[in-house]
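The values are calculated or read from the model by the stated rules, or taken from the named source; none is laboratory data. Treat the numbers as computed from the prediction; the structure is a model and nothing was measured. Cβ placement follows ideal geometry from the backbone for every residue including glycine, while neighbour counts extend to all protein chains displayed. Surface areas here come from the heavy atoms of the whole protein model, side chains and all, with no ligands, DNA or RNA. Shrake-Rupley method; radii C 1.70, N 1.55, O 1.52, S 1.80 Å.
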Amino acid sequence: QVQLVESGGGLVQTGGSLRLSCAASGRIRTINAMTWYRQPPGKQRELVAAITSGDATNYADSVKGRFTISRDGAKNTVYLQMDSLKPEDTAVYYCNTAGTYWSPYRGDRGFDSWGQGTQVTVSS
């Protein structure tokens with residue numbers, strides 16, 4: 001179907017920066033939106049940032065002014081630039097993308113795929 005591969009996580013000190021990337025592959029016809037979620041230790045998954053095919057963006061209040069989401073339509077890739085990182089940003093970050101793909105057996109179909117997650121750890 002459609003697979004997402006995430007990268008860019010790691011360990012960084014408070015105030016540092018990381019850039020996450022998520023590349024989608026498969027028989028993609030359209031992508032409606034690409035979204036970053038995160039799941040802190042012991043907590044539920046939460047929305048971080050989202051971007052549509054028209055480049056409209058949405059951010060969680062906790063990351064506004066610090067994180068920037070962007071996309072490369074030609075590469076079916078979404079990025080999350082994270083600056084001024086805080087310990088509370090520590091989480092597993094997941095990429096999600098939704099759109100349509102073409103199947104030779106089923107025709108045009110919708111998809112909603114998740115990446116495997118990448119760990120971001122911000123030390124005090």
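Straight-distance candidates among the lysines for linking to Lys75, with alpha-carbon spacing under 27 Å and chain neighbours fewer than 8 residues away dropped: Lys64. In the set (1) 13.4, 42; (2) 13.2, 40; (3) 14.8, 52, the label that goes with Rg and Dmax of the Cα atoms in Å computed for this structure is (3).
For a quick check, take a GNM of the chain with Cα springs below 10 Å and name the residue from Gly42, Gly110, Gly26 with the largest mean-square fluctuation. Judging by the Gaussian network model, the answer is Gly42. With contacts taken as Cα pairs under 8 Å and at least 6 residues apart, the chain reaches a relative contact order of 36 percent. For segment 39-53, backbone phi angles converted through the Karplus equation (6.51, -1.76, 1.60; θ = phi - 60°) give residue-by-residue couplings of 10, x, x, x, 10, 7, 5, 9, 6, 9, 7, 9, 9, 9, 5 Hz, Gly and Pro being listed as x. Modelled this way, with points 7 Å down the Cα-to-C-beta line, the labels at Ser7 and Ser53 are 2.6 nm from one another.
Measuring nothing but protein heavy atoms, the accessible surface of the chain at 1.4 Å probe radius is 45 percent carbon and sulfur. Computed extension gain for Trp114 through Trp102, at 0.36 nm per residue and net of the alpha carbon distance, reaches 2.5 nm.
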